[in-house]
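See structure below.
Read-outs: derived from the displayed coordinates by stated rules, not from any lab. Note that the coordinates shown come from a computational prediction; the quantities given were computed from them, not determined experimentally. Glycine gets a Cβ as well: all are built from the backbone with ideal geometry, and neighbour counts include every protein chain shown.
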Amino acid sequence: MRLAALISGGKDSICALTCALREHEVGELVNVQPVEDSLMYHVPCAHLTPLISQAVDIPLVSGVSSSHEDELVLLKSMLRGLDADGIVAGTIASNYQMSRLKKLCDQLHMELYAPLWNKGGERLLRAMARSMHITIVQVAADGVDESWLGRTLDEKAVDDLSVLHRKHGVHIMGEGGEYETLVLDAPIFHRRIRIINYEKKWFNEQCRGYIEIRKLGLEEK
């Protein structure tokens with residue numbers, strides 16, 4: 001089956017793309033860049049997906065939504081122009097996302113390939129941490145402080161997230177927006193991404209923050 005993969009640069013979409021490439025042909029990456037917070041799409045590093053496209057050597061189709069109302073309208077128009085039998089999505093637990101994607105696929109007579117659906121948990125996160133180089137680029141949760149910004153999501157970080165889950169109810173996969181990620185390297189990457197310069201932006205009174213990435217590059221593996 002020939003698929004188009006919804007991509008954000010975060011751990012879930014890269015993991016789903018990895019699963020898809022084991023079984024299917026992925027002809028294009030597709031990214032919608034929201035102009036505001038979105039329940040449908042990963043926001044923090046959506047503008048960096050062209051670098052992901054270069055790293056995995058799969059062409060990218062992208063667009064910028066103007067509001068919540070046109071998020072799916074834009075995606076639908078983008079998918080209509082592709083030679084694809086279905087789409088790949090990294091959705092793990094959001095019924096909101098899944099129901100909207102299923103409806104969209106039905107309208108376009110496409111298949112929905114969501115290999116991570118209902119499989120999220122500590123075991124999956126540890127597998128991601130072992131196989132990919134993941135950086136935390138945004139946080140917003142009790143107990144997840146400024147020190148998490150720019151931190152590598154490795155086995156120790158998973159241990160710490162497990163503690164925060166028990167103490168504060170932090171979703172270990174970040175499904176509640178507790179943290180967002182950027183994948184810098186993965187087995188499917190032909191070249192790795194390197195963050196050359198960034199600055200932390202922290203809002204103490206809101207217990208949230210993000211890293212402002214100022215310069216990125218690709219390097220040989």
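Structure data summary
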| item | result |
| --- | --- |
| Label-point separation, Thr152 to Lys215 (7 Å along Cα→Cβ), nm | 2.2 |
| Where only C-alpha atoms are counted, convex hull volume of the stretch 97-160 per residue in Å³ | 129 |
| Cβ-based exposure ranking for Glu180, Glu212, in which fewest neighbours within 10 Å come first | Glu212, Glu180 |
| Distance violations [Cα-Cα > 31 Å] among Lys76/Lys201; Lys103/Lys156; Lys167/Lys200 | Lys76/Lys201; Lys103/Lys156 |
| Distance histogram in 10 Å bins (all Cα pairs of the stretch 2-113, percent per bin) | 15, 53, 31, 1 |
| Point-charge dipole on Cβ atoms (K/R +1, D/E -1) for the chain, about Cα centre, debye to 20 | 380 |
| Relative contact order computed over the chain (Cα-Cα under 8 Å; 6+ residues apart), in percent | 20 |
| Ellipsoid semi-axes in whole angstrom, largest first, where each is sqrt(5λ) of the Cα gyration tensor of the chain | 27, 19, 18 |
| Unit Cα scatterers, Debye sum, the stretch 126-220: log10 I(q)/I(0) for q = 0.16, 0.23 Å⁻¹ | -0.67, -1.20 |
| Charge sum, other residues only, whose C-beta stays under 9 Å from Gly86's C-beta, Lys/Arg counted +1 and Asp/Glu -1 | -1 |
| Sorted by Cβ neighbour density within 10 Å, fewest at the top, the residues Lys221, Lys200 | Lys221, Lys200 |
| Fewest-first ranking of Met173, Met98, Met1, using other Cβ atoms within 10 Å as the exposure measure | Met1, Met98, Met173 |
| Sum of side-chain charges, Arg123 neighbourhood, beta-carbon under 13 Å (Lys, Arg +1; Asp, Glu -1) | +1 |
| Charge sum, other residues only, whose C-beta stays under 12 Å from Val158's C-beta, Lys/Arg counted +1 and Asp/Glu -1 | +1 |
| Mean ellipticity per residue at 222 nm, deg cm²/dmol - from DSSP H runs of n ≥ 4 across the chain, formula -39500 (n - 2.57) | -9500 deg cm²/dmol |
| Cα-projected label distance for Asp106 with Asp159, points at 7 Å along beta-carbon direction, nm | 4.7 |
| Positive-pole candidate from Gly217, Thr181, Met128, dipole of the stretch 79-221, charges at beta carbon | Gly217 |
